[in-house]
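The values are calculated or read from the model by the stated rules, or taken from the named source; none is laboratory data. For clarity, every value in this text was computed on a predicted model and none was experimentally measured. Note that we place each Cβ from the backbone using ideal geometry, even for glycine, and neighbour counts take in every protein chain shown. When the accessible area is computed, the model is the full protein with side chains, heavy atoms only, and any ligands, DNA or RNA have been set aside. Shrake-Rupley method; radii C 1.70, N 1.55, O 1.52, S 1.80 Å.
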Amino acid sequence: MLLQFSVENFKSFRDKAVLSLEGSADKELQDNFVLNKKEKYLKVLSVFGANAAGKSNLFQALTAAILTVRMSANRQVNEPLIYIVPFKFDEATISEPSSFEFVFVTNNTKFVYGFSATQERVTKEYLYAYHSAKPSTIFERDGEEYTFTSPGRKREMLPLTERNTSNKLFLATATQWNCAETKIPYLWLAEGINTYNTNFDQLLQQNAPMFENDADESLRRFTANILHEADINIDDYIFESRDQTREQFLQGLPQELRGLASTVPFTSNKEIRIDTLHTVEKDGIRKQYQLSIFEESQGTKNLFVFSPVLRRAFETGETICIDEFDTSIHPILIEYLIGLFNNPNINKGNAQLIISTHAVSVMSLKILRRDQIYFIEKDRKTGASELYSLDEFSPRKQEDIRKAYLLGRYGSVPYIPEEVDLWQ
């Protein structure tokens with residue numbers, strides 16, 4: 001489980017921003033957190049804010065950090081770290097490294113892993129493990145200098161530093177060379193946390209293998225139940241997939257694009273066909289009809305393609321992060337999906353959901369705790385984003401959070417002048 005993520009000097013986040021899933025002392029909504037000894041780990045976080053405030057940049061920071069770790073082992077010498085983008089509205093920060101840190105629990109052990117990097121090189125990196133109340137240093141790195149506090153670790157890991165390069169993360173390099181100390185935290189970053197956007201075509205290609213490998217039809221049942229609960233009239237679906245040849249790919253393009261596309265190197269892609277089955281009743285007679293998934297509404301398509309992600313998360317305890325979660329999805333349905341994660345009878349693996357949304361209907365202390373609601377606000381003068389929790393305001397339990405938010409009491413809402421001459 002993710003306990004905390006922090007980012008500094010990345011895109012609109014000039015100063016350090018901390019997203020914490022460690023619950024406060026608040027005893028409300030006890031299904032919304034997991035109790036591990038004396039610590040509370042939240043299952044859901046919802047991030048609100050005006051357009052261009054920096055919500056997407058927060059999710060891009062998560063993505064950048066995760067992909068930098070996952071792609072590190074395959075990075076060539078002098079290949080840039082392409083996901084690193086510093087805050088550009090300050091001359092002092094443009095040449096400074098971006099910093100990321102994860103605090104998480106996996107295999108019953110708490111880890112802290114972080115790194116700082118420019119597009120050219122990793123400047124700092126560290127990994128700590130909590131085998132007791134105090135952290136144990138697995139390794140620390142300052143440029144090309146490595147520190148190991150345990151003689152045993154030093155004997156095992158120091159030779160591996162020679163296999164690392166300035167543009168690679170030692171966590172990935174050491175794991176690639178079968179280092180037991182780094183394997184468990186690396187695997188969590190490789191498999192235990194994922195970020196998603198709401199691009200249907202991209203998600204369909206990404207999740208097609210889960211639909212395709214549904215031998216016991218458990219995903220089919222799960223997807224059908226999700227759609228029925230969402231009051232969407234789909235009884236079942238037909239899924240077909242096959243590798244697409246270059247000729248088939250070109251045939252599917254508009255005529256005016258085929259010539260241009262034929263000059264581009266072809267990467268094998270999946271040709272996917274999904275038909276939804278609808279039962280319609282007329283004059284007491286029931287009949288089933290088929291529709292292509294592309295004829296469905298955008299909200300239905302998004303919910304359909306996210307079903308494998310949700311099911312896998314509930315089974316594995318994955319942390320999933322979704323930007324613009326409310327795209328074409330009704331607010332009541334968003335409330336329902338949040339409820340699934342907070343429901344211990346469904347979310348048996350203690351999966352976590354982190355979303356950005358404009359759906360203020362879920363901004364209620366009957367749905368989310370104060371520490372589960374975050375805001376992002378951008379300083380109009382500096383262009384820097386700030387991240388903060390509703391818990392910092394300590395609203396009364398009976399307070400109408402939505403009304404207070406829309407009135408600007410917590411910031412993070414658009415400033416719109418009462419009158420402006422658009423033609424001036």
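If r is the Cβ-Cβ distance from Asn51 to Phe294 and R0 is 25 Å, what FRET efficiency results, to the nearest 0.05? Mind dumping the intermediate values first?
Values: r = 28 Å, r/R0 = 1.12.
Efficiency, from the Cβ-Cβ distance: 0.35.
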When a/c is below 1.5 the answer is rounded, else prolate if a/b is larger than b/c, else oblate, so apply that to segment 13-144 with a ≥ b ≥ c taken from the square roots of the Cα gyration tensor eigenvalues. oblate
Here, Leu67 and Lys154, labelled 7 Å along Cα→Cβ, have an inter-label distance in nm of 3.9
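Using the Kirkwood radius built from alpha carbon pairs, what does the Stokes-Einstein equation give as D for the chain at 25 °C and 0.890 mPa s, in µm² per second?
Values: Rh = 24.0 Å.
In µm²/s, the coefficient is 102.
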For Ala351, residues with placed amide H under 5 Å, excluding near neighbours: Gly317
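With charges set only on the Cβ (+1 for Lys and Arg, -1 for Asp and Glu), what does the dipole of segment 70-120 come to about its Cα centre, in debye to the nearest 20?
Values: 4 positive and 6 negative charges, 70 e Å.
Taking the Cα centre of segment 70-120 as origin, the dipole is about 340 debye.
Need one number for segment 339-412: average projected area of the convex hull over its C-alpha atoms, nm².
On the way: hull surface 23.3 nm².
The Cα convex hull of segment 339-412, projected and averaged over all directions, gives 5.8 nm².
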Can you give me the long-range amide H partners of Asn36? Hydrogens built in the peptide plane at 1.01 Å from N, cutoff under 5 Å, separation of 5 or more residues or another chain. Tyr41
Classify segment 153-251 as rounded, prolate or oblate, taking a ≥ b ≥ c as the square roots of the eigenvalues of its Cα gyration tensor: rounded when a/c is under 1.5, otherwise prolate if a/b is larger than b/c and oblate if not. prolate
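Ignoring ligands, DNA and RNA, please state the percent of accessible area on the chain from carbon and sulfur, probe 1.4 Å. Don't skip to the end; give the middle numbers.
Working: 10710 of 22070 Å².
Carbon and sulfur: 49 percent of the exposed surface of the chain.
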Note to self: with every protein chain in place and a 1.4 Å probe, the chain gives an accessible area per residue in Å² of 52
Measuring from label point to label point, each 7 Å out along Cα→Cβ, what is the Ser364 to Glu28 span in nm? 1.3
Under the Karplus relation 6.51 cos²θ - 1.76 cosθ + 1.60, θ = phi - 60°, what is the ordered set of whole-Hz ³J(HN,Hα) values for segment 359-368, x standing for Gly and Pro? 6, 5, 4, 8, 7, 9, 6, 8, 10, 10
Setting aside same-chain residues fewer than 8 positions from Lys40, which lysines have a Cα under 29 Å from its Cα? Lys16, Lys27, Lys55, Lys110, Lys134, Lys183, Lys348, Lys366, Lys397, Lys403
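Which shape class applies to segment 29-70: rounded if a/c is under 1.5, otherwise prolate when a/b exceeds b/c and oblate if not, where a ≥ b ≥ c are the square roots of the Cα gyration tensor eigenvalues?
Numbers: a/c = 4.43, a/b = 1.51, b/c = 2.93.
Verdict is oblate for segment 29-70.
Over segment 142-205, what number does the Rg to Rh ratio reach, with both radii from the alpha-carbon atoms and Rh per Kirkwood?
Working: Rg = 16.0 Å, Rh = 13.8 Å.
Rg/Rh: 1.16.
What full-extension length gain, to one decimal in nm, is calculated for Glu240 and Glu144 as 0.36 nm per residue of separation minus the Cα-Cα distance? Please report the intermediate quantities before stating the final value.
On the way: separation 96, 0.36 × 96 = 34.56 nm, distance 5.04 nm.
Extending this stretch completely gives an extra 29.5 nm.
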